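First comes the structure, then the notes that go with it.
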Amino acid sequence: MGARHFAAAIAALAATAALAQGHPPLKARLAPVHVSPRAWYVQGLPGAASAANEAFNSNAGFVVTDEGVVVVDALGSPALGNELLEAIRKVTAKPVRRVIVTHYHADHFYGLKPLKDAGAEIWAHRGSLDYLTNGEAQRRREQRARDLFPWVDAQTPLVHADRWLDGDEAFTLGGVRFEVQHFGPAHSPEDLVVVVPQEGVVFSGDILFTGRVPFVGTADSKAWLARIGRLIDLKPTFMVTGHGEVSTDPGRDLALTRDYLVFLRAEMGRAVADFVPFEDAYRRTDWSRYASLPAFEAANRVNAYGTYLLMERESLGQ
Ligand SMILES: [Zn+2]
């Protein structure tokens, strides 16, 4: 068999394997970006998750220690979780020992199954359990299955953590110290931030978005703003965020998320104080400074509405 035929046969085999897992082969290429001596990440495509981008819109990080790999987040589908595992194997043959889920949003944990099957222990904050058990996680999966098929379907496993953290937790693996800090409630009640001091790296999850409109939804933006200050105080050299490029100037990049939250709260807060209905308030607000950013169309209205309801609750002292 000639080299070309051999390559074609291998490609056909890969396609057959992917089909056996219930999806066509991924077009997305997960190229690990080297951040510091032991830290890498893969960067999702800009904007919201879609069938077109194969649900690859979020980042995942990993740190290679002498005794194995610690992964932060698992991407947005089982196929992507599998691809992440392959990407890690291009960097190291060491086993994946642990996955820390920064928060239980679909685009960060639907890829857990292949990592768990590879022997990794999953850690997350106990605050995620509410979402997983109150029906919301199932409703979200139905929506994702409609929008992201075949990458997500009704059978996509909602993998629980093996260990639910109640607060901060530090551990050392293969000579590398990891500090897992509970930052929630901010972007979600359960936000975890992973600090790797000797690498100067912080994995911030979705507390910081770079290069796109953040997803706010029903988040408590008041608490979130307070936590952004705490992130700036960590003074990392590199901040690997949940979406977008790694930040080498976290102070500057945190400003976009902070300013957007401040703007949403000011505009929606004024509307609530003046008894302006949401539809009118949304239409009258000048969104021009954010309208050209990726994910604006997908996220801004939901963010504004969530903030409007939040400002109502805050105005009632709830
Ligand atoms: Zn999120």
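Computed from the coordinates by the stated procedures, all read-outs in this text should not be read as laboratory data. All of these numbers come straight from a predicted model, not from anything done at the bench. Cβ coordinates were reconstructed from backbone atoms using ideal geometry, including for glycine residues, and neighbour counts include every protein chain displayed.
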Under 9 Å by Cβ, and 6 or more places apart or on different chains, what pairs join a residue from the stretch 35-47 that is closer than 18 Å to residue 93 by Cβ and in contact (Cβ under 8 Å) with a residue 24 or more places away in the chain with one that is outside any loop (DSSP other than H, G, I, E, B) and hydroxyl-bearing (Ser, Thr, Tyr)? 38/65
Considering each of 248, 237 in turn, give the residue that is exposed (fewer than 14 other Cβ atoms within 10 Å of the Cβ) and among the β-branched types (Val, Ile, Thr). 248
Looking only at the stretch 272-310, how many residues end up being touching a helix residue (DSSP H, G or I) at 6+ places or on another chain (Cβ under 9 Å) and not in a helix (DSSP H, G or I)? 7
Got at least one residue in the stretch 182-201 being of a type in the set (D, E, K, R) and free of Cβ contacts under 8 Å to residues at least 40 places away in the same chain? no
Would you kindly identify the strands (runs of 3 or more DSSP E) lying entirely within the stretch 155-256 that contain at least 3 residues that are within 16 Å of the ligand (Cβ to nearest atom) and under 25 Å from residue 95 (Cβ atoms)? 192-196
Kindly check whether there is at least one residue in the stretch 133-152 that is part of a loop (DSSP other than H, G, I, E, B) and closer than 30 Å to residue 230 by Cβ. yes
So which residues in the stretch 119-132 are among the hydrophobic types (A, V, I, L, M, F, W, C), within 16 Å of the ligand (Cβ to nearest atom) and in a helix (DSSP H, G or I), if there are any at all? 132
The correct count of residues that are buried (at least 24 other Cβ atoms within 10 Å of the Cβ) and of a type in the set (Gly, Ala, Ser) in the stretch 185-211 is 4
